[in-house]
Structures are given as C-alpha cells and as structure tokens.
Amino acid sequence: MPCSWRTSDLQLLLMLTVFLVAEYVSASNNSTQQIVSPVDRKQNQSLETHPVEANTSLPVLVDTKAYLSCPSIVLTNGLLTIWEITLRDKPFCIRTHRRDTNETIETNCTDKRMTWPDRPDQIPALQIDPVAITHEGHYRCDVAAPDGNFQNNYHLRVLVAPEMTLFQSENRTAVCKAAAGRPAARISWTPAGDCVPEHKGWGNGTVTVQSTCHWADGNVSIVSCSVSHETGNWNQSIELNQGAKTSKPPIILYSILPVIILVIVGFVWLLKIIGCSRIYKLKKTEPTPGGEEDEMQPYASYTEKINPLYDTTNRVKTSQVLQSEVDGMNLHTS
C-alpha cells in the first residue's frame, strides 16, 4: 500500500513539472514578441513613409514649365541622387549628385532647358523650361540612403492644344476642324448629322482631326460643333441658312450673264448702224464738179456786175480777140 502512494506522488510531481516548463516557455515567447514588435512597427512606418518606387504619368502642356521631384525623404539621409532620362532619338542622359562631396556630374545631357531648379543638395529635382514636344519620354530619380534605395518614375506626356475652325462648304454641309493637336482631339455635333471623320498625322506627333457633316432635314438651321481635348474643350455654332444665301449669287450671275451679252451685242450693232448712216450722209453731201461750176457761176456774174475793173478788163480782152480775128482774115484774103 505505501508503494502505491509513492507512485502516485511521483506522477503528480512529473505532471506539475511539465506544466511549469510549458508556462515558462510561453512567457518567454511573449516577452520576446514584446521586445521585437516596436522595431517591426518602426520598419513598417519607414516603409509607409518612404515608398520604394512610384510610377507617375505626367501630362504637361507644350511651352510651359515642368517640375519633376525625387522621393520625399530626409535630405540628410540621401547620399546619392541620380536622374536617368530616356528620350526618343536622343542619347541616354544621366545627372548625378553626390552629397558627401557636393559634386554634380552630367553624362550625354546637352539640353540646356533641363536644369536643377535649385542647389541639388537642397532640392534634388529636375526642371524643364520650356517644355517641347521632344521632351516626351521617361524620367527616373534614384536616391540612395542608409535605409535603402528609393525611386520616382515619370512618363512625361507633352500636350498640344488644337486650333478649332468651323465653316460651311456646301449647302447644308458644315466642316469642323481641330488642327495640330497632341493627342488627337474628339469632335461631336449637335444635332447629329451624316458625318465623315478624317485624321491626318504630322511629323512632330500632332494630329489634325476633321469632321464633315450634312443635314438633309430642312428644319435644322443652327448646328454646334464641340471639340474635346486634354488641354480644354471648345464649342462653336454656325447657321446653315448662311450657306444657302452664299450660294445664290452664282445662280443670279448665271441668269444675268445672257442678258449682259445681249445688251453688249445690241450696243455693238447700234454703233454699226450709226456709223453706216453717217457714211451714207457724207457720201450724199459730197459736191460734184458740175455742181461747183454751177455754184461758182452766179458768183462770177455777180462779180462782173458790181466790179467795174473786171468789166473793163473783159471788154479789152474782147476787143483784142476781135482785132486778131480781123487781122487773120486780111492775111487770108491777101
């Protein structure tokens, strides 16, 4: 009997020892977790505050200023800042600044419009002023710090506002054009008509969009064209009746042209008739030689009557003629 009680006591002691060891191990694990968790929280907060990488699509209007920033970390922690620029049809450009030596190095960076906006050790950003279409591309800022490397990636998209025009080409047909936009603009009509869109691309990446619409319904008198673009929206209206009025002058001209021709032909014919009548009158009034003698005869007789000298001369001439005739007859008889 005493042996059986001893065995029971040993079993109870063994179970109590195992339970105490388990409790000790559990308490040790809890204390370790309490010591490590603040470090983990600090690391998590650091990761939340300083993202390792950020990608951004940045649209910028042409001929304006662009500002590209690096990751927002404490400047004193940044040891090295590197800008990597990849543009179309241009060499790979690298801009580097070392904080410990305050040294700036540029490799294959010839565009003077890209600069540091301030001292790189204070603001390690990149400024482009003014922005051109050729600046479209990829930009990356790398910052090396004791607690890791951080990046900001940008895809710079250069926008060009289109130039809108609205005019009427034919009767009840209007043309809306958005010229040289980047990217291509969108055109819509109010009310909707029978439209034909056209697109034409240019070498600098801009696109001209044109929409030609016709309205067969005679009740539609005013139409509106809307141009939508990332740089803004434009709206213009036109009255279709103005196009119908502008097409009337050619019709009037075609109807008046035969009348004008008839008037010109009649005037020329009238001039010919007047010319012929004048020629006929001149021929009719032209004097004849006999007529001149008849007209001169009265003047001669009048002169003879009133001019005594002329009458005496005439008598002398007559007596001389008679005397010559008499002398002739005497010579003939002898």
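The values are calculated or read from the model by the stated rules, or taken from the named source; none is laboratory data. Quantities reported herein were computed from a predicted structural model and do not represent experimental measurements. All Cβ positions, glycine included, derive from the backbone under ideal geometry; neighbour counts span all protein chains shown. Only protein heavy atoms, including side chains, enter the accessible area calculation; ligands, DNA and RNA are left aside. Shrake-Rupley method; radii C 1.70, N 1.55, O 1.52, S 1.80 Å.
From the residues in the stretch 181-204 that are of a type outside the set (A, V, I, L, M, F, W, C) and either assigned by the TED database to the domain that holds Ala132 or surrounded by 15 or more Cβ atoms within 10 Å (Cβ to Cβ) (or both), which one is farthest from the chain's Cα centre (by Cα)?
Among those residues, the one meeting the criterion is Gly193.
When the stretch 221-271 is examined, which residues are found to be at pLDDT below 80 and of a type in the set (Gly, Ala, Ser)?
Across the stretch 221-271, the qualifying residues are Gly243, Ala244, Ser247, Ser255.
Going residue by residue through the stretch 111-130, is there one that turns out to be within 36 Å of the chain's Cα centre (by Cα), closer than 20 Å to Asn153 by Cα, surrounded by fewer than 10 Cβ atoms within 10 Å (Cβ to Cβ) and modelled with pLDDT of 90 or more?
no
Could you check the stretch 169-248 for strands (runs of 3 or more DSSP E) lying wholly inside it with 1 or more residues that are in contact (Cβ under 8 Å) with a residue 24 or more places away in the chain and touching a His at 6+ places or on another chain (Cβ under 9 Å)?
Where strands (runs of 3 or more DSSP E) fall fully within the stretch 169-248 and carry at least 1 residues being in contact (Cβ under 8 Å) with a residue 24 or more places away in the chain and touching a His at 6+ places or on another chain (Cβ under 9 Å), they are 173-181, 186-190, 207-214.
Output the number of residues of the stretch 72-110 satisfying the condition of being aliphatic (A, V, I, L, M), more than 18 Å from Tyr154 (Cβ to Cβ) and in a strand (DSSP E or B).
The total comes to 2.
Based on this model, can you work out whether Thr107 counts as out of contact with any strand residue (DSSP E or B) (no Cβ under 9 Å at 6 or more places or on another chain) and in the same structural domain as Thr64 (by the TED database)?
Answer is no for this residue.
For the stretch 79-91, how many residues meet the condition of being open to solvent by 70 Å² or more (accessible area, probe 1.4 Å) and at pLDDT 95 or above? Quick ask: steps written out before the conclusion?
Of the residues in the stretch 79-91, the ones open to solvent by 70 Å² or more (accessible area, probe 1.4 Å) are 79, 88-91.
Adding the requirement that they be at pLDDT 95 or above leaves none.
Matching residues across the stretch 79-91 total 0.
Can you give me the number of residues within the stretch 165-180 that are at pLDDT 95 or above and either open to solvent by 50 Å² or more (accessible area, probe 1.4 Å) or among the small types (Gly, Ala, Ser) (or both)?
Final tally of qualifying residues: 7.
If I go through the stretch 121-139 residue by residue, how many of them are under 20 Å from Phe150 (Cα atoms) and of a type in the set (Ser, Thr, Tyr)? Reasoning before the result, please.
Taking the stretch 121-139 first, the residues under 20 Å from Phe150 (Cα atoms) are 121-127, 138-139.
So of that shortlist, the ones also of a type in the set (Ser, Thr, Tyr) come out as 139.
So the count comes out to 1.
Taking Asp142 and the conditions (1) under 18 Å from Glu230 (Cβ atoms); (2) over 17 Å from the mean Cα position of the chain (by Cα), which numbered condition does it fall short on, given that it satisfies the others?
Against the list (1) under 18 Å from Glu230 (Cβ atoms); (2) over 17 Å from the mean Cα position of the chain (by Cα), Asp142 comes up short only on (1).
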